[in-house]
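The structure appears below as structure tokens.
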Amino acid sequence: MKHLLRSLESSLALSPVGIALELPGGVRLGDANADLRLHFRDRTALVALATGEIGSVGAAIVEGRVALQGSMRELMAVAAAMLKADPARDGQVGWWRRALVQVRSMAAHSLTADARDVQAHYDLSDDFYALWLDPLRVYSCAYFRAPDMTLAQAQQAKLEHICKKLMLRPGDRFLDIGAGWGGLLLWAAEHYGVDATGITLSRNQHAHVQRLIDQRGLQARVRVQLMDWRALQVPQPLDKIASVGMFEHVGRVQMTRYFSTVRRLLRPGGLLLNHGISAGGVDNAQLGAGIGDFIGRYIFPGGELLHVSAALHHMARAGLEMLDSENLRPHYARTLWAWSDALEARLEQARRILVAQHGPDKGDKALRAYRLYLAGSAMAFELGWIALYQTLAAHPSGRIDTGAMAGAQCDYPFNRAYMYGDEAAPRAAS
């Protein structure tokens, strides 16, 4: 016990903010006047803290074995200071472990398992998500094109950014894979006049989007289907496809098939915008320091992150040509802090919603897990442990052009000016 206490005191000395620890038996460490306090009810979580296994400490908080009081921002500053290794590098594995990861990935991503895992996350409670998301309920990285943007403005800017990159035009046959609560699907239909289809595995999201389609009278050219991407068939090839915040659920073992399916659905010359989180390390099975285990257990069961280089490898194997890739990592840090701050400001309301729907035990655990997940993910993006890439790709047309734009063998222009030229505020919904 003396060695453990010395280790904890050494770690606490590195903290940039004051923190008080109360140990089993009443022993106290740290700054007695600190607003940030952790009350440990068993020794296991203490060992995890001393060794830098912050994911295990998070699990102990969720399970009620550690009581937390204080600011999530301060807690994350302490967590980062007490790490013993970089989680983006510590999670890397050798070739034999990578083979094992492939086997596990195959088992984890059946049609039934993926539907169960997606519903476990996204069907937690629509009212809960509405507390801390923007009014359009866009549950993915915002785009803070201007530094003074609110979250709602930055999410609209993100929708515009995606639509611009895809060069959406009236009449385009557009697919949104993993349509969420319909933000992009309806934005593209109402602002760009596309014929839009969205697919999702979430029953709650499907019902919500269908209600919005009916309320806005868009049934003639907007539809949402409750289905897996592997089951989708289209009567004729699509012009444009977006996949936003869904790619993380595919699994590495399915990745080439995923991009091959996209290529099959796209007409020659058509465009894909793939917006997804990527690992910070090249060979990660998951984030180290117990963080990946925490996320897989409490937040995203079945989720897998690939480094962007691996994602581009699978994209190329599927016959898609990468045209442009943009890293929005700092944008996601700011997005997540906005979500975290919004949830922290409504904790009592959030607890009432979750407890009413899931009961006290599950409801309280879910709230504690999301508090840690949102703030911890914000920290992970700030420190570069994970990143967010928007990658634009094309189904090559194979044609030979002889006109003024000879050589442009897809819909992509010769430069990026069309993506960034218009800095006006996003248009209001019609």
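Observations on the model:
- Unit charges at the beta carbon, dipole of the chain: most positive-side option, V209, H249, S377: H249
- Working ranking of peptides 69-77, 21-29, 303-311 by packing, defined as the average number of other Cβ atoms within 10 Å per residue, highest first, is 303-311, 69-77, 21-29.
- Antiparallel %, DSSP beta bridges [both residues in the chain], to 5: 50
- The range 214-282 and the range 308-368 have Cα centres lying 19 Å from one another.
- DSSP beta bridges in the range 2-84 [antiparallel fraction, %, rounded to 5]: 70
- Separation in nanometres of the label points that stand 7 Å from Cα toward Cβ, at R43 and E190: 6.0
- Taken about its Cα centre, the range 2-84 carries a charge dipole of about 200 debye when Lys and Arg each add +1 at the Cβ and Asp and Glu each add -1 at the Cβ.
- Helical contribution to [θ] at 222 nm, DSSP H n ≥ 4, -39,500 (n - 2.57), averaged over the chain, rounded to 500: -14000 deg cm²/dmol
- Between S10 and T256, full extension at 0.36 nm per residue minus the direct alpha carbon distance yields a gain of 83.9 nm.
- Classified by the C-alpha gyration tensor, the chain has a prolate form. Its axis ratio a/c, with a ≥ b ≥ c, is 1.5 or above, and a/b is larger than b/c.
- For the chain, the number of Lys pairs separated by eight or more positions or lying on different chains, with C-alpha atoms closer than 24 Å, is 4.
- The charge dipole of the chain, taken about its Cα centre with unit charges on the Cβ atoms of Lys, Arg (+1), Asp and Glu (-1) only, comes to about 740 debye.
- Computed over the range 2-84: relative contact order in percent, which uses C-alpha pairs under 8 Å that are six or more apart: 32
- Applying a length cut-off of 30 Å (Cα extent along the axis) and a mean Kyte-Doolittle floor of -1.0 to the DSSP H helices of the chain leaves 360-382.
- Relative contact order of the chain, pairs being alpha-carbon contacts under 8 Å that are 6 or more residues apart, as %: 18
- Look at the dipole of the range 2-84 built from charges on Cβ: of A59, L29, L4, the Cα furthest out on the positive end belongs to L4.
- Residues within the reach of a label modelled at D127 (point 7 angstrom out along Cα to beta-carbon, backbone nitrogen below 11 Å), restricted to the range 311-350, are 349-350.
- Three-way shape label, the range 2-84, alpha-carbon gyration tensor, a/c 1.5: rounded
- Summarising the label geometry, the points placed 7 Å from Cα in the beta-carbon direction at R230 and R216 lie 3.2 nm from one another.
Taken together, the values in this text are just the output of simple stated rules run on the coordinates, not laboratory data. Source: prediction; values computed, not measured. Every residue, glycine as well, gets a Cβ built from its backbone with ideal geometry; the counts of neighbours run over all protein chains shown.
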